[in-house]
Structures are given as structure tokens and as C-alpha cells.
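*Asks:* Handing you this structure, nothing more for now.
What follows is calculated from the coordinates using simple rules that are stated; it is not laboratory data. Computed from a predicted structure; not experimentally measured. Methodologically, a virtual Cβ is constructed for each residue, glycine included, from the backbone with ideal geometry; neighbour enumeration extends over all protein chains shown.
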Amino acid sequence: MFLKGKRFLIAGLANKHSIANGIASAMHSQGAELAFSYQSERLHKNVSKLAEEYNSDLLVECDVSSDKSIEQMYHAIAKTWDKFDGLIHSIGFAPGNELDGNYLDAATREGFQIAHDISSYSFTALAKGAKPYLNENSALLTLSYLGAQQSLPNYNVMGLAKASLEANVRFLAAAMGRDQIRVNGISAGPIKTLAASGVKNFRKMLSSYADRAPLGRTVTTEEVGNVAAFLCSNLASGITGEICYVDGGFNTAALSVNEYEDR
Ligand SMILES: NC(=O)c1ccc[n+]([C@@H]2O[C@H](COP(=O)([O-])OP(=O)(O)OC[C@H]3O[C@@H](n4cnc5c(N)ncnc54)[C@H](O)[C@@H]3O)[C@@H](O)[C@H]2O)c1
């Protein structure tokens, strides 16, 4: 129970398939007390049902595109928690037409701005709002993807937004480190979720992924959750500014072993 006595806000739970759900489950198993924020009223029922499983009834609506909404969320949380120990940012978005086809053809100024605002700046905005309420030894965590480092078909502007998000992790780590607040990211392998289904041909990506990954398979939200729980715990007290890959080793392998094995 290495998170016993700690309180975390999880932002980005939409349904049971969400990476945020794997993270909530792992953190709850390790004894953490959890609060949840959800994007809009539409998600309230789903999120409150899941939150019940984690013994939480601290749920607040927050659209991260609005500073006012973020401020209201922290005020609402402060009525129950005077301080807490960190947050999980499991949020990403780009307009659907940006994630389909040739990057140069699909890219627009508006889509670029939205993707970077919701998928990267919102992490800074949540960190800024949380700062007065954070205990010493708090930890912030976000979710990235390999598209931050390498090009991939259809991922397009989300790759640029994730590159910005990974830089965000390093700059926030430097900005908050002297207050003993750590900031890290997990670069997760592809998992079938609502957000992922917005990327054209995502299923195809999953199968070629399993073939090249050294573990020969994709990863689960539980596996991502376990690493999230570790990174947010005092076991990881010396780690900040890092992007930790939970991807079955995919990013370390240039080719699939299957194709070059002597059989
Ligand atoms: N699924 C994958 O293959 C994969 C891989 C690596 C990284 N990620 C990242 O993991 C994170 C979680 O995504 P997921 O795959 O669990 O999908 P998901 O659809 O379950 O979660 C995405 C969340 O973002 C929230 N969101 C979007 N716009 C928002 C806004 N304006 N305000 C507040 N919340 C908003 C949605 O409500 C949803 O809860 C994202 O950052 C995603 O890019 C996903």
C-alpha cells in the first residue's frame, strides 16, 4: 500500500476503458484516496459509477479549455480536501479531421491551436491551479505517446501536441522541483479507448504494434496504472522530468523479431 495516506485528483476519466480508469484502479489498490474531474455533465453518470468502485464521491466537472472552469474545480475540491498530493492529467484532444490522412493536407491553424491547448497547455493550467493546494512530495503525471518523438500515419498534429506536452513535463519539473513536487509522464503503447478511436486506422496500428514490440503484445490500462501509481509514490522520490515508456518495449525495437527469425 505505497500510496496510503495520499490524495490524488484524476482528470480524464470518461469510461471503464479510459487509461485514467486503469490508473484509478492501481492507485486505489495502493491505498490512495481519489477525486475525479470530468469534462462535462454528459459524463457524470459514468464517472460517478466508476468512482464508487474506488470509494470516491468527490467528483467535479472541469473543462480544461476554460481557466474559470479550472478555478471553480479547485475551489470545489478545497471544500473537502484542504491539501492533496498530486494529480493525473489523462486528457488529450484534436479535431477529428486533423487525425485522418496526410499531415500537410489535414493540418489547420485552428486544429493546431485546439490540439496544443487541450493536450498540452491544460497540463500547465492544472499544475498552476493545483500549486497552492499541494503538499510537499506531491507528484504530477501526464500521458504521452510515441508520436511525440517519431512520425506515425494519421496521428498528425497530436504528435506535435505530445512533443509539446513532453517538454511541458521537463519545464514543470524544473519549475516545481525546489518545492519537492515531481512531474513525470508515461508514454503508453496504443490501447483501444474512446480518444484512440478518433485516430484513423487505429486497429491496424494495434496489430502492427504487437508484432514489433519485444513483448509481442500491446499493453493494458492496468499496466499503465501500476507505473503511474509507482511514479506518484515516494518510491519514485528521485524521479522527475522523465517520460517513462510503458509500451512493451516497442520504442526500443527497430524491427520485428518475427520477420528475421530462422525457423
Ligand atoms: N489510448 C491510447 O492508445 C493512448 C496511448 C498513449 C497516450 N494516450 C493518452 O492518454 C490520455 C487519455 O486518453 P485515453 O486513451 O484514456 O482516452 P479517453 O477518451 O478515455 O480519455 C480522454 C479524456 O480526455 C478528456 N477531455 C478531452 N477534452 C477535454 C476538455 N476540454 N476538458 C476536460 N477533459 C477533456 C475526455 O473527456 C476523456 O475523459 C490522452 O492524453 C491520450 O492522448 C492514449
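*Asks:* Can you find, among 93, 132, 10, the residue farthest towards the positive end of the dipole of the range 7-251? Put +1 on the C-beta of Lys and Arg, -1 on that of Asp and Glu.
*Replies:* The Cα lying farthest towards the positive end belongs to 93.
*Asks:* What nm value, rounded to one decimal, do you get for the distance between residue 108 and residue 171 when each label is placed 7 Å out toward the C-beta?
*Replies:* Calculated label separation equals 2.6 nm.
*Asks:* Ok, one more. With the crude spin-label approximation of a point 7 Å out along Cα→Cβ, what separation in nm comes out for residue 44 versus residue 16?
*Replies:* In this crude label model, residue 44 to residue 16 measures out at 2.3 nm.
*Asks:* Filter 83/162; 4/83; 16/162; 45/131; 79/128 down to the pairs with a C-alpha to C-alpha distance above 26 Å, please.
*Replies:* Working: 83/162 29 Å; 4/83 15 Å; 16/162 23 Å; 45/131 29 Å; 79/128 19 Å.
Distance filter (> 26 Å) returns 83/162; 45/131.
*Asks:* Ok, one more. Using 0.36 nm times the number of residues separating residue 4 and residue 55, minus their current alpha carbon distance, what extension gain do you get? Could the numbers behind the result be given before it?
*Replies:* Numbers: separation 51, 0.36 × 51 = 18.36 nm, distance 1.39 nm.
Computed gain between residue 4 and residue 55 is 17.0 nm.
*Asks:* Ordered by packing density, taken as the mean number of other Cβ atoms within 10 Å over each peptide's residues, highest first, how do 160-173, 90-103 rank?
*Replies:* Values: 160-173: 20.4, 90-103: 18.4.
Order by mean packing, descending: 160-173, 90-103.
*Asks:* Return the FRET efficiency for the residue pair residue 201, residue 239: r is the Cβ-Cβ distance, R0 is 45 Å, and the value is rounded to the nearest 0.05. Intermediate results must be reported in sequence, preceding the final value.
*Replies:* Working: r = 35 Å, r/R0 = 0.77.
E between residue 201 and residue 239, to the nearest 0.05, is 0.85.
*Asks:* Given a Förster distance of 25 angstrom, what is the FRET efficiency for residue 67 paired with residue 180, based on the Cβ-Cβ distance and rounded to 0.05?
*Replies:* Details: r = 26 Å, r/R0 = 1.05.
Computed FRET efficiency for residue 67 and residue 180: 0.45.
*Asks:* Next up: Given Cα pairs under 8 Å that are at least 6 residues apart, what percent is the relative contact order of the range 163-263? Before the final figure, lay out each step's value.
*Replies:* Working: 124 pairs, mean separation 38.9, N = 101.
Answer for the range 163-263 is 38 percent.
*Asks:* Right, here's the next one. Starting from the 7 Å offset along Cα-to-Cβ, what nm value, one decimal, do you get for the label separation of residue 257 and residue 149?
*Replies:* 2.0 nm
*Asks:* On to the next question. State to the nearest 20 debye the size of the charge dipole of the range 7-251 about its Cα centre, where the only charges are +1 on K and R beta carbons and -1 on D and E beta carbons. Write down the numbers at each step before the final one.
*Replies:* On the way: 21 positive and 24 negative charges, 58 e Å.
Taking the Cα centre of the range 7-251 as origin, the dipole is about 280 debye.
*Asks:* Just need the relative contact order of the chain here, percent rounded to a whole number, with Cα pairs under 8 Å and 6+ apart. Mind showing how you got there, number by number?
*Replies:* Values: 533 pairs, mean separation 53.3, N = 263.
The normalised contact order for the chain reaches 20 percent.
*Asks:* For the range 7-251, what is the convex hull volume of the alpha-carbon atoms per residue, in Å³?
*Replies:* Numbers: hull volume 28.2 nm³, N = 245.
So the per-residue hull volume is 115 Å³.
*Asks:* Something else now. Below 13 angstrom from the Cβ of residue 184, what's the summed charge of the other residues (Lys, Arg +1; Asp, Glu -1)? Can you show the working numbers first?
*Replies:* Numbers: positive: 170, 182; negative: 166, 242.
Result for the local shell: 0.
*Asks:* While we're here: When only C-alpha pairs under 8 Å and at least 6 residues apart count, what is the relative contact order of the range 5-86, in percent? Before the final figure, lay out the partial values.
*Replies:* Numbers: 117 pairs, mean separation 25.1, N = 82.
For the range 5-86, the relative contact order is 31 percent.
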